[in-house]
Amino acid sequence: SFNEKSNQSLKDVASLAAMTGLRRADLIGLTWNEIGTNAIRRVAEKMSRGKRRLVVMPIIPALHDLLNELRTRQRKEGVETVLVTSHGTPWTGNGLSGGFGTAVRDANIHHVDHDGEKHWKHLHDIRGTFATRLMTAPGLNLTDKEIGIIMGWAPEKVSEIRTHYVDDTAI
């Protein structure tokens, strides 16, 4: 139900989400002026424990390459967001959620819980996967505070996720 340009726009969103762990609002609001030479610096849209947290995302080589590719996307005049729709306009939250949901269903991307019930995957699932990758990457050994800075989360939230999702086997 999507054309090639629409599919590419959604792939761009998923790719940036997988490399940054940014929330939906921060993905669609991210502008080129928030991207430095070595890091992305953005004040998170969502409040965590009563504050908006500064997200500082190091730009690793793979992210650098993705950002260079995203710079080549056609944009309408004056559009400064990193991610754009197939029409060259900024994404809206509802537009992205709807498009992503349709693509997930078309591709039949889901998980089955212990009761055998099917659950569709969501954009925020990519964020959680990114967090667990930060926790389990060999040799990275980031603290909860360091991951919190990258993710825009309170260290206590990182600790809860580490306790719930990451065990000795995963590491």
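Observations on the structure shown:
- Selection over the stretch 141-161 of residues that are open to solvent by 60 Å² or more (accessible area, probe 1.4 Å) and either modelled with pLDDT under 85 or part of a helix (DSSP H, G or I) (or both) gives a count of 6.
- Looking across the stretch 44-65 at every residue that is under 15 Å from the mean Cα position of the chain (by Cα) and part of a strand (DSSP E or B), the one that is modelled with the lowest pLDDT is identified as K46.
- Residue count for the stretch 38-50 satisfying the condition of being farther than 18 Å from E80 by Cβ and open to solvent by 100 Å² or more (accessible area, probe 1.4 Å): 4.
- Any hit, the stretch 68-78, residues being surrounded by fewer than 17 Cβ atoms within 10 Å (Cβ to Cβ), of a type in the set (A, V, I, L, M, F, W, C) and under 23 Å from E34 (Cβ atoms): no
- Residue identified as touching a strand residue (DSSP E or B) at 6+ places or on another chain (Cβ under 7 Å), farther than 14 Å from V13 by Cβ and not polar (S, T, N, Q) among P58, P90: P58
- When L96 is tested against (1) at pLDDT 85 or above; (2) open to solvent by less than 80 Å² (accessible area, probe 1.4 Å); (3) more than 18 Å from I28 (Cα to Cα), only condition (3) is not met.
- Contacts under 7 angstrom Cβ, first residue in the stretch 82-99 being on the phi < 0 side of the Ramachandran plot and of a type in the set (F, W, Y), partner open to solvent by 40 Å² or more (accessible area, probe 1.4 Å) and modelled with pLDDT of 95 or more, 6 or more apart: none
- Taking each residue of the stretch 124-139 that is within 16 Å of L16 (Cα to Cα) and looking for partners that are part of a loop (DSSP other than H, G, I, E, B) and among the aromatic types (F, W, Y) with beta-carbon atoms closer than 9 Å, six or more apart or interchain, yields A131/W153.
- Among (1) open to solvent by 40 Å² or more (accessible area, probe 1.4 Å); (2) out of contact with any helix residue (DSSP H, G or I) (no Cβ under 7 Å at 6 or more places or on another chain); (3) touching a residue at least 24 places away in the same chain (Cβ under 8 Å); (4) not small (G, A, S), the one test that Y165 misses: (2)
- Whenever a residue of the stretch 10-31 is part of a loop (DSSP other than H, G, I, E, B), its partners that are surrounded by fewer than 22 Cβ atoms within 10 Å (Cβ to Cβ) and aromatic (F, W, Y), lying with C-beta atoms within less than 9 angstrom and at least six residues away or across chains, give the pairs G21/F130; L22/F130.
The values are calculated or read from the model by the stated rules, or taken from the named source; none is laboratory data. Because the structure is a prediction, the values reported are computed rather than measured. Counting neighbours? That spans all protein chains shown, and the Cβs are built from the backbone with ideal geometry, glycine included. These area figures cover heavy atoms from the full protein model, side chains too; ligands, DNA and RNA do not enter into them. Shrake-Rupley method; radii C 1.70, N 1.55, O 1.52, S 1.80 Å.
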